Amino acid sequence: MSALANECGAVNLSQGFPDFPVDPELTELVERAMKEGHNQYALMPGAMELRKGISQMISGIYGREVDPVKEITVTSGATEALFAAISVVVNPGDEVIIFDPAYDSYEPAVLLNGGIPVHVPLAFPGYETDWDRVRSLITPKTKLMIINSPNNPAGSVLKQSDIEDLKSITSQHNIFLLSDEVYEHIVFDGEKHRSLLLDDELYRRSFIVSSFGKTFHITGWKVGYCTAPETLTAEFRKIHQFLTFATSSPFQFALAEYIRDLSRIRSLSEFYSSKRDRFNSYFEGTGLKPLACSGTYFQIMDYSGISDLPDREFAEWLAREKKVACIPVSAFYKDRTDNKVVRFCFAKQDETLKRAAEMLKQ
């Protein structure tokens, strides 16, 4: 859709990257790191300065003490961390539960490791988990369950009842958990991000993946990290070592300095909540109806009052004819479920969002 947006000259609200500038202080810290000589390979698990910073950040936000030496690994983006975690536990014939709509890197990683994806649809329109259905699909071959909260593309978040169901299931079955929490700091309307870091029982079987790219609007830097118990981290690093070995040194040293100020993270929810509200107000009168969005910087819109087209055709028509690009949500389903909804990214400058809305209102 980004390629189509470029081809058509459309306002690109499809792919999930911000169009506003990075904090100048952060780019200055990168320049300083380069000048100080941090230009060679970092340690394979990540620069110790950054791992210590992440440990302190996790302690400050979640109250969990995590060993920076044995439980944190810096990766070249969250997607690398997802692949490595899947590769650690999935062997040929193992089943992996994936909740649809799902980020599109999960299934390929499972298949490349010989695993069998088992897709469970979240209940539309609230994108809630049917745990009874999950229980019915668990077999002796079930090895891993992939959780994504806040969910991309749905914008839904795990509730405490979901955590209790998850604990009930894992207490009865020896299943590993992969928790994709890249939007962990972007949660709205008084909701709480229920990280698996918060629960001792769940954490001991979990790989928890986070992203500086999503948090600080630096998706092109490709810096993520995986937090996991020592035994799982040791296995994770055996994969990571031969995927990318190490991540860009100056970026790591810059981030180590930058994350000392937790207010930069704690302000994100309010920033994006206001952005979401302005986006929805701009789009009033377009005929597109927003679904509930409790987290991430994506808004799902119901277009059924405008068109009967399948969502992919509608998204292409919108880009070609109305010059605004979005993503058809059926692309996030294995069976291409079409609920007549599309996803917009509102991590854009207000001028960009206004321009898109004005074009659609015309």
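Things to note:
- Cross-chain or 6+ apart pairs with Cβ under 7 Å, the stretch 306-321 first and hydrophobic (A, V, I, L, M, F, W, C), then exposed (fewer than 14 other Cβ atoms within 10 Å of the Cβ) and part of a helix (DSSP H, G or I): LEU309/TRP317
- Which listed residue is β-branched (Val, Ile, Thr) and assigned to a helix (DSSP H, G or I), from THR247, THR233: THR233
- As a summary of the residue check, ARG264 satisfies the conditions (1) at pLDDT 95 or above; (2) in a helix (DSSP H, G or I) except for the one numbered (1).
- Residue-level analysis places ASN174 among those that are at pLDDT below 95, assigned to a loop (DSSP other than H, G, I, E, B), more than 20 Å from TYR297 (Cα to Cα) and assigned by TED's automatic domain parsing to the domain that holds ALA81.
- Any hit, the stretch 206-222, residues being within 17 Å of THR73 (Cβ to Cβ), among the basic types (Lys, Arg) and outside the structural domain of THR296 (by TED's automatic domain parsing): yes
- Annotation: SER210 fulfils all but one of (1) out of contact with any Asp or Glu (no Cβ under 8 Å at 6 or more places or on another chain); (2) outside any helix (DSSP H, G or I); the unmet one is (1).
Okay, residues lined up against (1) surrounded by fewer than 18 Cβ atoms within 10 Å (Cβ to Cβ); (2) among the acidic types (Asp, Glu):
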| position | (1), (2) |
| --- | --- |
| ARG133 | yes, no |
| THR139 | yes, no |
| SER156 | no, no |
| SER171 | yes, no |
| GLU181 | no, yes |
| VAL187 | no, no |
| GLU191 | yes, yes |
| GLU201 | yes, yes |
| ALA234 | yes, no |
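- Residues that are touching a residue at least 60 places away in the same chain (Cβ under 8 Å) and in contact with a Lys or Arg (Cβ under 6 Å, 6 or more places away or on another chain), drawn from the stretch 165-182: PHE176, VAL182
- Inter-residue pairs, beta-carbon under 6 Å, first of a type in the set (S, T, N, Q) and in the stretch 246-271, second not in a loop (DSSP other than H, G, I, E, B), 6+ apart: THR247/VAL74; GLN252/LEU50; SER269/VAL187
- Scanning the stretch 112-141 for residues that are without any contact (Cβ under 8 Å) to a residue 24 or more places away in the chain and either within 16 Å of ASP335 (Cα to Cα) or part of a loop (DSSP other than H, G, I, E, B) (or both) returns VAL120, ALA123, ASP130, PRO140.
- Qualifying residue in the stretch 221-229 (condition: buried (at least 16 other Cβ atoms within 10 Å of the Cβ), under 23 Å from the mean Cα position of the chain (by Cα), aliphatic (A, V, I, L, M) and within 25 Å of TYR103 (Cα to Cα)): yes
- Being without any contact (Cβ under 8 Å) to a residue 60 or more places away in the chain, more than 18 Å from the chain's Cα centre (by Cα), surrounded by 22 or more Cβ atoms within 10 Å (Cβ to Cβ) and over 17 Å from THR337 (Cβ atoms) is a property that holds for VAL96.
- Taking the stretch 1-72 as the region of interest, the helices (runs of 4 or more DSSP H) fully inside it that hold 3 or more residues being within 23 Å of VAL182 (Cβ to Cβ), of a type in the set (A, V, I, L, M, F, W, C) and touching a residue at least 24 places away in the same chain (Cβ under 8 Å) are 24-35, 48-62.
The values are calculated or read from the model by the stated rules, or taken from the named source; none is laboratory data. Bear in mind that the values here come from a model prediction, so they are computed numbers and not experimental data. A quick note on method: Cβ atoms are made from the backbone with ideal geometry, for glycine too, and the neighbour counts reach across all protein chains shown.
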